[in-house]
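Down below is the structure, laid out as structure tokens.
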Amino acid sequence: MYNEKVIEVFKNPKNMGDLEGANAIGTVGNVTCGDIMQMSLIIEEDIIKDAKFKTFGCVAAIAASSMATEMIIGKSINEAMQIKNSDVVDALGGLPPQKIHCSVLAEESIHEAIKNYKEKHIK
Ligand code: FES
């Protein structure tokens, strides 16, 4: 069902867990399956310095979360907002059609975290 890249990222996820000093947190859920993804970021001068995730979900959701953190670290918040779930899917070499929705959690959790940051820091 999953390609080798997805399995590899799932088995060795990067940036998983709590992020000490996070100043932006976004939590989203998928109403269909009930899975939850939390994205924690450290943003300094609108640049994402660090990112970690916690995902209570399936293989695709965990692989997508890990890939998403790697894609946004070092990017500006505006650049990170441009990342679509399809970009995460492409970086993973594809996901089965019935698992595409899992990658949407990654996009949404990034957006939520940045929204959270803006609410606190940009008046
Ligand atoms: Fe719920 Fe994948 S089945 S996120």
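Between Ile7 and Glu79, the distance separating the two model label sites (each 7 Å from Cα on the Cα→Cβ line) works out to 3.3 nm. Can you pull the one-decimal nm distance between simple spin-label points at Met16 and Ile36, each 7 Å off the Cα toward Cβ? Once both label points are built, they end up 1.8 nm from each other.
Label positions at Ile47 and Glu119, each projected 7 Å from the Cα along the C-beta direction, are separated by 2.7 nm.
Tell me whether region 1-114 comes out rounded, prolate or oblate; compute the Cα gyration tensor, take square roots of the eigenvalues as a ≥ b ≥ c, and use a/c under 1.5 as the rounded threshold.
prolate
Taking GluC sites (Glu not before Pro) as exposed when DSSP calls them loop and at most 15 other C-beta atoms lie within 10 angstrom, the chain has its longest site-free stretch at 46-123. Over 24 Å apart at the Cα level, from the set Lys75/Lys120; Lys11/Lys118; Lys49/Lys118, are Lys11/Lys118.
We did not get these values from a lab; they are worked out from the coordinates using the rules stated. Keep in mind that this is a model prediction, so the values were computed, not measured. Backbone-built Cβ (ideal geometry, glycine too); neighbour counts: all protein chains shown.
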